[in-house]
């Protein structure tokens, strides 16, 4: 990956003007995006704290791209420790309207073998206690989430898989567990009964927040193992997972490069319109600090400046 100038930019607020960049979130094994050039590490200050890492802003094949390593450099954060709100808010601040998420998963289905790619279209949320909304603290919002994956972005990923010859599956349900331990065998059997196809620890939280922020989101899931339900496979080990990830990353890079070259970056879709119909609380009842946080995302316009205290003459 090109090292760029080595300078670190610092951004705050919603970017405007020019072509909207496309976001990429790299998961286990994908800590950088091959082919990304003109790199500038960009620090984004958010009302929810620090993102996992500086964002790497650059271009790939002429397409402006913003890349973030989900777990941070050196894989420092557990799935439950990731500051998902800061990560998604950072993308919003940089003007990103579409995010491709890459994630290692376990397979819960015989037909999804280690090494396969899955472009999921549904989630089941099994996480516990993670902050997974930008609302609260005086602002109530309920965002539509029946179809959590952007259909346009998912179609782009499927077409990219076909174009690169990757073995893939179009559609499937991602069960998001809390972790960090892998499943018990009883749990693995249960998730199969739920109808889940793959299991991971991160993506549903990202998807919820992206929808609240009006950002399109799609997942390219990299199957690494059969979890522990399969009678012909042992329990999951980190070494086994990493070995498959190493093979998958090269394929994932090719898929992303193809997807980024063809993604529709102009116009809007229902994902981006979701925030307009979510907020219930009357604006006048929302505390100023909460208004400022929501305006950072573009969910609400910024609060008006304070009135002048000077008297009339």
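The values are calculated or read from the model by the stated rules, or taken from the named source; none is laboratory data. Model, not experiment: these values are computed from the prediction. Counting neighbours? That spans all protein chains shown, and the Cβs are built from the backbone with ideal geometry, glycine included.
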Review point. When you scan segment 178-225, how many residues do you find that are in contact with a strand residue (DSSP E or B) (Cβ under 8 Å, 6 or more places away or on another chain) and either part of a loop (DSSP other than H, G, I, E, B) or without any contact (Cβ under 8 Å) to a residue 12 or more places away in the chain (or both)?
Key: 10
Practice item. Grab the strands (runs of 3 or more DSSP E) fully contained in segment 63-149, keeping just those with 3 or more residues being under 26 Å from residue 192 (Cα atoms). Key: 98-107, 117-119, 122-126
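Say whether the condition of being farther than 20 Å from residue 264 by Cα, surrounded by 14 or more Cβ atoms within 10 Å (Cβ to Cβ) and either modelled with pLDDT of 85 or more or touching a helix residue (DSSP H, G or I) at 6+ places or on another chain (Cβ under 9 Å) (or both) is met by at least one residue in segment 15-23.
No - not one qualifying residue is present in segment 15-23.
Quick grid of which residues meet (1) on the phi < 0 side of the Ramachandran plot; (2) in contact with a helix residue (DSSP H, G or I) (Cβ under 7 Å, 6 or more places away or on another chain); (3) surrounded by fewer than 24 Cβ atoms within 10 Å (Cβ to Cβ):
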{"site": "63", "(1), (2), (3)": "yes, yes, yes"}
{"site": "85", "(1), (2), (3)": "yes, yes, no"}
{"site": "123", "(1), (2), (3)": "yes, yes, yes"}
{"site": "138", "(1), (2), (3)": "no, yes, yes"}
